[in-house]
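Beneath this line is the structure, given in structure tokens, with notes to follow.
The values are calculated or read from the model by the stated rules, or taken from the named source; none is laboratory data. Since the structure is predicted, the reported quantities are computational estimates derived from the model, not experimental observations. Only protein heavy atoms, including side chains, enter the accessible area calculation; ligands, DNA and RNA are left aside. Shrake-Rupley method; radii C 1.70, N 1.55, O 1.52, S 1.80 Å.
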Amino acid sequence: RTQVSFIDIKRAYLCAKTDPDDPTYVDLPPEHPWYKDGDSCALLLKHMYGTRKAGDGWHVEISTTLTDKLGFTKGDASACIFRHPGRSIECSIHGDDLSAQGPKEELDWYKAELEKTYELKEGARLGPGPKDDKESRMLNRIVRWTKEGIEYEADPRQSEQLVRDLGMSGS
């Protein structure tokens, strides 16, 4: 049966190697043992949150894992969409959040393969079965599995912000 999986990769940016041809250096903090009067820096071997190149580095990392190690093909229209031709899995990437849909057995394989490389948390596995989850959040959006199909609800904070911005609070 088809299911929808929501996976969060923990400390994703720290999994991505930096490009040796385009190095990133950071100042060492005063408490570091190698710190010397503010003239100390370090070469990053892995990306660090807050650096300009971290997001791109992570996308290259996860894309390479999906295509080279797991056999997915990258979408033509979007570099964030992937499909596994032999396993009937489609997935999308948004930062460190991955959503995928496919048969239960194939999603089990997908999760197990990702766990070989990354520490992850599967937030939910939506599906039609009585033990399947029926609701999940991804990027503060609510996704529900219903008898009629999948419902997608925008981030509720967006409408609250719009009401505030228009000066209509309490209306």
How large is the helix-only mean residue ellipticity at 222 nm for the chain, computed as the sum of -39500 (n - 2.57) over DSSP H runs with n ≥ 4, divided by its residue count, in deg cm²/dmol to the nearest 500?
-6000 deg cm²/dmol
I need the semi-axes of the equivalent ellipsoid of the chain: take the C-alpha gyration tensor, multiply each eigenvalue by 5, square-root it, list largest first in whole angstrom.
35, 26, 14
Can you tell me which lysines have their Cα less than 30 Å from the Cα of LYS134? Leave out same-chain residues fewer than eight positions away.
LYS10, LYS74, LYS104, LYS111, LYS116, LYS121, LYS147
Using the heavy atoms of the protein chains alone and a 1.4 angstrom probe, what is the accessible area of the chain per residue in square angstrom?
64 Å²
Listed residues LEU43, LEU107, LEU28; largest mean-square fluctuation, Gaussian network over the chain with Cα springs below 10 Å, found at LEU28
Can you work out the base-10 log of I(q)/I(0) for region 73-171 at q = 0.11, 0.12, 0.17 1/Å, using the Debye formula on its C-alpha atoms alone?
-0.45, -0.52, -0.90
Above 14 Å lies some portion of the pair distances; for region 26-103, what is it as a whole percent of all C-alpha pairs?
69 percent
Counting DSSP beta bridges with both ends in the chain, the antiparallel % (nearest 5)
95 percent
Among GLU119, GLU151, GLU31: highest mean-square fluctuation, GNM of the chain, C-alpha pairs under 10 Å:
GLU31
Pick from LYS17, LYS46, LYS116: which residue has the top mean-square fluctuation in a GNM of the chain where Cα pairs under 10 Å get a spring?
LYS116
